[in-house]
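One structure below.
Only the coordinates and a few stated rules stand behind these numbers; no lab work does. Small disclaimer: the values here were computed from a predicted structure and weren't measured. Neighbour counts run over all protein chains shown; Cβ positions are idealised from the backbone, glycine included.
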Amino acid sequence: MPLLTMREAISQALWEEMERDERVFILGEEVGVWGGTYAVTKGFYDHFGPERVRDTPIAEAVIVGAANGAAMAGLKPVAELMTINFAFLAMDQIVNHSAKLRSMFGGQFTVPVVIRAVGGGGRQLGATHSQTPDVVFAHFPGLKVVAPGTPHDAKGLLKAAIRSEDPVIFVEHATLYHTRGEVPEGEFLESIGTSKVQRRGRDVTLVTYSKMLQLSMQAAEVLAQEHIEVEIVDLRTLRPLDMAPVIDSFKRTNRAVIVEEGWRSFGVGAEVASRIYEEAFDYVDAPIQRVGQKEVPLPYNRTLEQLALPQVEDIVRAVREVC
Amino acid sequence: MAETVSMPKLGFDMAEGTVVRWMKREGEDVKKGEVLVEIETDKATVEVEAQASGVLRKQLVTEGAIVPVGAPIAILGAADEPLELPSMAKSGPPGLPTTPVEAPKAAPGRAAAGGDGREPVRAKASPVARRLAVEHAIDLAGLGGSGPKGRIVKRDVEAAIAARSIPGYEAAPSPLAASAITERANPPLSKLRTTIGKRMQGAKQQIPHFYLTAELDAAPLMALREQANARLPESGKLSVTDLLVKAAALALREIPNLNASFAEGQIVRHNAVNVGVAVAVDDGLLTVVVRDADQKPLRMLGQELQAMIARVREGRARPEEIEGSTFTVSNLGMYDIDHFIAIINPPEAAILAVGSVRDVPVIRGDEIGIGKRLKVTLSADHRVTDGAEAARWLQVLRGFVEDPLALLL
């Protein structure tokens with residue numbers, strides 16, 4: 001299997017879908033002539049032309065609003081937000097329009113829009129450009145929130161997102177673009193709303209997604225040397241949340257640690273932990289631990305930024321805590 | 001205005017108490033400060049005085065009842081005022097636990113069960129351990145917890161199940177099993193016995209003990225004691241224990257790391273040196289506590305100790321006299337014991353076991369002479385301290401015992 005970077009995998013998914021279905025088009029800031037801030041759409045403008053790769057003004061509400069309208073009119077827009085932090089400027093379009101139009105108008109039309117947004121911290125971009133607010137979007141019924149942790153899943157899930165009849169927030173972690181992974185050649189889809197076991201282990205269930213999957217895999221290697229075998233469940237989709245592999249794993253290990261890059265308060269860890277307590281209380285052998293970002297606006301200073309973000313050692317420590 | 005009398009909290013870890021004896025009958029006049037009832041706690045029987053004058057209108061629980069801290073036990077009031085009884089569960093026969101259904105309205109801000117909100121007696125176990133225990137009929141109360149903070153976790157229950165399934169583990173009759181010994185009726189364990197059992201079992205299971213024994217030259221100490229006692233009245237003479245408590249206290253002041261507790265993953269050093277002294281009582285033992293033992297003159301220390309020992313043997317110790325020790329001295333010297341090894345008294349970090357002073361042949365230079373020797377064994381918590389430090393502590397102690405004038409300074 002070819003080893004692709006996450007960037008290449010995402011790029012392939014977009015390319016293949018645009019080749020397959022002419023209703024698919026891209027819009028966003030600098031996606032066209034420039035080739036994308038993260039070079040995901042490099043070469044698209046020359047190949048597909050300005051009609052299908054549209055540069056927009058710096059106005060996120062316009063980008064998502066136009067995408068919503070196009071989707072309602074029968075197209076398949078893929079809107080790119082340069083960072084997920086700018087999605088807050090389009091919040092009304094996302095939560096009040098993308099998420100609700102289908103149900104508020106009795107299913108007269110669907111809103112098959114994909115909003116690709118680049119998220120995550122760790123690149124010294126300051127507190128306002130480094131957030132991981134994935135859970136904010138996962139709060140709203142009507143949206144699907146997908147955040148892959150491997151190139152394989154990024155490709156399969158983005159293709160599935162483009163084919164979805166409902167709006168999908170597709171979160172790409174900025175520091176994952178260069179990571180490599182095996183991606184099968186040719187057409188394949190991954191199903192949205194399914195969690196996936198990325199590593200088998202008998203001692204503790206580690207639930208995570210996106211960038212933290214990579215850190216969790218490293219933590220698992222460290223812990224394996226201490227004879228603690230970690231099972232890693234990658235959520236991949238925050239909404240709809242697939243708890244089945246988590247519960248199945250937890251019933252065997254009786255212990256869980258949930259790792260997310262965002263703040264712990266009201267986060268993925270809180271949600272997953274409550275669901276475990278609700279669905280598998282009689283299997284709990286230790287209080288469930290959560291790992292997340294320190295509860296501060298992320299510092300700009302490199303050392304402080306790294307201290308505030310969850311690190312491999314934090315995950316290792318949390319696992320030891322429950323074992 | 002009628003007043004509810006509640007089960008008092010007589011110790012920092014008291015969750016419930018037993019009403020041993022009502023000293024006033026219903027309808028009897030009670031003056032403020034008179035003894036109303038005797039309460040047995042885990043550690044002692046305590047006389048509880050009335051906080052107000054009036055008539056004991058109602059005893060809400062029978063003698064023998066075990067009542068959570070803060071729950072109502074009696075109502076004091078005027079002879080003729082109408083009473084509003086706190087709603088109570090039907091009292092069982094004497095001796096059975098009586099649990100109030102509702103906390104009295106009169107005591108807002110106080111948790112209904114146990115003044116500190118803790119459940120009285122519930123083994124701390126994880127849900128999966130609890131479920132497994134039920135499925136395999138394992139009694140959690142009998143298990144030690146290996147999880148964080150002593151929690152019983154799955155592996156503990158699995159170990160118990162595995163142990164039980166080893167053939168003969170449970171059923172193996174001891175050679176004595178068939179004899180008349182088993183025929184004797186087992187009296188129920190007293191609260192004190194139960195507490196000692198729990199605490200000592202917990203200590204041995206959870207504290208990684210290590211032990212250091214030293215033989216000390218007791219001649220100077222015995223000589224000093226003889227000289228001092230020749231000048232002291234009969235009732236105020238110094239005991240070997242008094243001197244050793246003082247010596248241990250001074251050694252703790254010098255090496256404070258042994259005057260500590262291991263709690264929640266960290267070492268807590270105590271500012272005060274409060275030395276507990278193990279005292280044998282009927283059916284058990286208690287420690288009485290000499291507070292600030294390093295600072296008290298020997299005579300004062302001795303008198304305090306003597307008074308406390310007398311009170312504790314009569315079952316009249318005050319809670320503050322049997323709580324808050326930071327180190328314990330256990331002296332079995334009077335029982336003709338060479339030396340012994342004691343179990344640490346949690347949450348302390350160490351305990352000193354003292355044997356008898358013996359006349360033994362000793363070598364001085366090239367000669368063999370008669371000397372007085374005393375063996376002491378320090379048991380210490382390896383989470384708090386290590387062999388070298390504990391050995392240094394014993395050296396300091398040796399200094400005070402073998403050159404005891406320092407105890408008087």
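From the cross-link list A:K155/A:K196; B:K9/B:K43; B:K31/B:K58; B:K9/B:K124; B:K149/B:K191; A:K42/A:K196, which pairs have alpha carbons spaced over 19 Å apart?
Working: A:K155/A:K196 15 Å; B:K9/B:K43 12 Å; B:K31/B:K58 16 Å; B:K9/B:K124 22 Å; B:K149/B:K191 24 Å; A:K42/A:K196 31 Å.
From the list (A:K155/A:K196; B:K9/B:K43; B:K31/B:K58; B:K9/B:K124; B:K149/B:K191; A:K42/A:K196), the Cα-Cα distance tops 19 Å for B:K9/B:K124; B:K149/B:K191; A:K42/A:K196.
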Please list, in order along the range B:338-346, the HN-Hα scalar couplings obtained from phi with the Karplus expression 6.51 cos²θ - 1.76 cosθ + 1.60 (θ = phi - 60°), rounded to whole Hz, x for Gly and Pro.
4, 6, 8, 10, 9, 8, 4, 8, x
Using a 7 Å offset from Cα along Cα-Cβ at A:F188, what residues in the range A:235-251 end up with backbone N under 19 Å from the label point?
A:235-237
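Net charge around B:G33, counting only other residues with Cβ within less than 14 Å of its Cβ (Lys, Arg = +1; Asp, Glu = -1)? Please report the intermediate quantities before stating the final value.
Values: positive: B:K24, B:K31, B:K32; negative: B:D29, B:E34, B:E47, B:E49.
Value of the local net charge: -1.
So which chymotrypsin sites (Phe, Trp or Tyr not before Pro) in the range A:33-131 are both in a DSSP loop and have at most 12 other Cβ atoms within 10 Å of their Cβ?
Values: sites: A:W34, A:Y38, A:F44, A:Y45, A:F48, A:F86, A:F88, A:F105, A:F109; in loops: A:W34, A:Y38, A:F105, A:F109.
In loop regions of the range A:33-131 (DSSP not H, G, I, E or B), the sparsely surrounded chymotrypsin sites (Phe, Trp or Tyr not before Pro) are A:F105.
List the relative contact order of the range A:120-216 as a percent without decimals, with contacts defined as Cα pairs under 8 Å and 6+ residues apart.
On the way: 104 pairs, mean separation 29.4, N = 97.
In percent, rounded to a whole number, it is 30.
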For peptide B:125-132, compute the average count of partner chain beta-carbon atoms within 10 Å of each residue's beta-carbon.
5
Fewest to most Cβ atoms within 10 Å: B:K32, A:K294 sort as B:K32, A:K294
Could you list B:R291, B:R164 so that the one with the fewest beta carbons within 10 Å of its beta carbon is first and the one with the most is last?
B:R164, B:R291
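Show me B:189-196, B:43-50, B:233-240 ranked by packing, highest mean number of other Cβ atoms within 10 Å first.
Numbers: B:189-196: 16.0, B:43-50: 19.8, B:233-240: 13.2.
Going by the mean number of other Cβ atoms within 10 Å, highest first, we get B:43-50, B:189-196, B:233-240.
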Scan around A:R290 for amide H atoms under 5 Å from its own, H built in the peptide plane at 1.01 Å from N, and keep only partners 5 or more places away or cross-chain.
A:I258
In what sequence do A:H47, A:H227 fall when counting other Cβ within 10 Å, fewest first?
A:H227, A:H47
For the range A:174-182, take each phi angle, set θ = phi - 60°, evaluate the Karplus expression 6.51 cos²θ - 1.76 cosθ + 1.60, and give the result in whole Hz per residue in order, putting x for glycine and proline.
4, 8, 9, 3, 8, 6, 9, x, 6
What ³J(HN,Hα) values, in whole Hz, does the Karplus curve 6.51 cos²θ - 1.76 cosθ + 1.60 give for the range B:131-148 when θ = phi - 60°, with x put for Gly and Pro?
5, 4, 4, 5, 4, 10, 6, 9, 8, 4, 4, x, 9, x, x, 9, x, x
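Output the relative contact order of the range A:3-182, whole-number percent, from Cα pairs under 8 angstrom with separation of 6+ residues. Can you show the working numbers first?
On the way: 355 pairs, mean separation 48.4, N = 180.
Relative contact order comes out at 27 percent.
Within 11 Å, Cβ to Cβ, of B:E321, how many net charges do the neighbouring residues add up to if Lys/Arg are +1 and Asp/Glu are -1? It would help to have the intermediate numbers written out before the result.
Working: positive: B:K43, B:R291, B:R311, B:R316, B:R318; negative: B:E304, B:E320, B:E323.
Summing Lys/Arg as +1 and Asp/Glu as -1 gives +2.
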